[in-house]
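The values are calculated or read from the model by the stated rules, or taken from the named source; none is laboratory data. As the structure is a prediction and not an experimental result, all values here were calculated from the model. Here the Cβ positions follow ideal geometry from the backbone for every residue, glycine too, while neighbour counts run over all protein chains shown. Each accessible area value is taken on the protein alone, full model and side chains, heavy atoms only, with ligands, DNA and RNA left out. Shrake-Rupley method; radii C 1.70, N 1.55, O 1.52, S 1.80 Å.
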Amino acid sequence: MERKIHPSEIKVFRNQPEQYFIGIRKRDLPVKDIGEYFGKIFCVVVTSLTTFFKQEGKNFSDVLSNPSSITMYFDVSNGIADMGVGFFIEKQLDNSQQEKLKELIGKENELGVCTVPTSDLAFYRHTGPYSLLPNLWGQFCGNLNEKYEIVTNNGLSWEENMVHPDNETDENKFVTDLYMQVKRK
């Protein structure tokens, strides 16, 4: 199944305010293994964050700025990803909170924390199987090159899983939003 992105399907907007990502980071992951890794680590992320915020006297769902799970890409090159699985939260964690959370996620996992600054973001909504995402990311970037420059110096991109296997069994109905930091040429 081939899917083509038409440039009119890509929207660019300014995000307000900053967003704070928290999750588990994985470096040097082959892109072909992202789906399998996400499946393995997602429960660890949810359990760790739920336990952490409970210890902080908060309900995990109350600190989320967005309830959708996030696959954050810090860098992808030559088929290798530096990425994280997690969520956007309303308030950045301080250093002591991050240290407590590191203990909960375990020594075998790296805490992934980043701030998405107020910036221009390109957006594309994909409805369909996850298997199409690698090709769609390539098209997404290609369609941006005419009017926008992709922010590569500390630029971030991510997938927001709107409809996913936890709430839908038909992969043709999965909804994934793609975001990328850009600036006008």
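Data overview
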quantity	calculated
Filter result (touching a strand residue (DSSP E or B) at 6+ places or on another chain (Cβ under 8 Å), of a type in the set (V, I, T) and in a helix (DSSP H, G or I)) within the range 42-72	V44, V45, V63
Every residue from the range 129-185 that is closer than 15 Å to S68 by Cβ, of a type in the set (S, T, N, Q) and at pLDDT 90 or above	N161, T176
Qualifying positions in the range 125-153 - assigned to a helix (DSSP H, G or I) and more than 30 Å from T169 (Cβ to Cβ)	C141, G142, N143, L144
Scan of the range 166-177 for residues that are in a strand (DSSP E or B) and either closer than 10 Å to L121 by Cβ or more than 16 Å from the chain's Cα centre (by Cα) (or both), ordered by number	none
Within the range 47-74, tally of residues that are open to solvent by less than 80 Å² (accessible area, probe 1.4 Å) and among the charged types (D, E, K, R)	1
Test: residue in the range 32-41 that is outside any helix (DSSP H, G or I) and out of contact with any strand residue (DSSP E or B) (no Cβ under 7 Å at 6 or more places or on another chain)	no
Conditions (1) surrounded by 19 or more Cβ atoms within 10 Å (Cβ to Cβ); (2) over 15 Å from the mean Cα position of the chain (by Cα); (3) among the aliphatic types (A, V, I, L, M); number of the one not met by V44	(1)
Any chance L104 is of a type outside the set (F, W, Y), open to solvent by 20 Å² or more (accessible area, probe 1.4 Å) and either farther than 18 Å from L64 by Cα or in contact with a Phe, Trp or Tyr (Cβ under 8 Å, 6 or more places away or on another chain) (or both)	yes
Test: residue in the range 84-97 that is open to solvent by less than 50 Å² (accessible area, probe 1.4 Å) and more than 19 Å from E159 (Cα to Cα)	yes
Number of the condition not met by K102 [criteria: (1) at pLDDT below 95; (2) farther than 21 Å from T176 by Cβ; (3) touching a strand residue (DSSP E or B) at 6+ places or on another chain (Cβ under 6 Å)]	(1)
Residue tally, condition in contact with a Leu (Cβ under 8 Å, 6 or more places away or on another chain) and buried (at least 18 other Cβ atoms within 10 Å of the Cβ), over the range 1-19	2
Selected residue (only one of V76, V113, V85 is under 24 Å from L144 (Cα atoms) and not in a loop (DSSP other than H, G, I, E, B))	V76
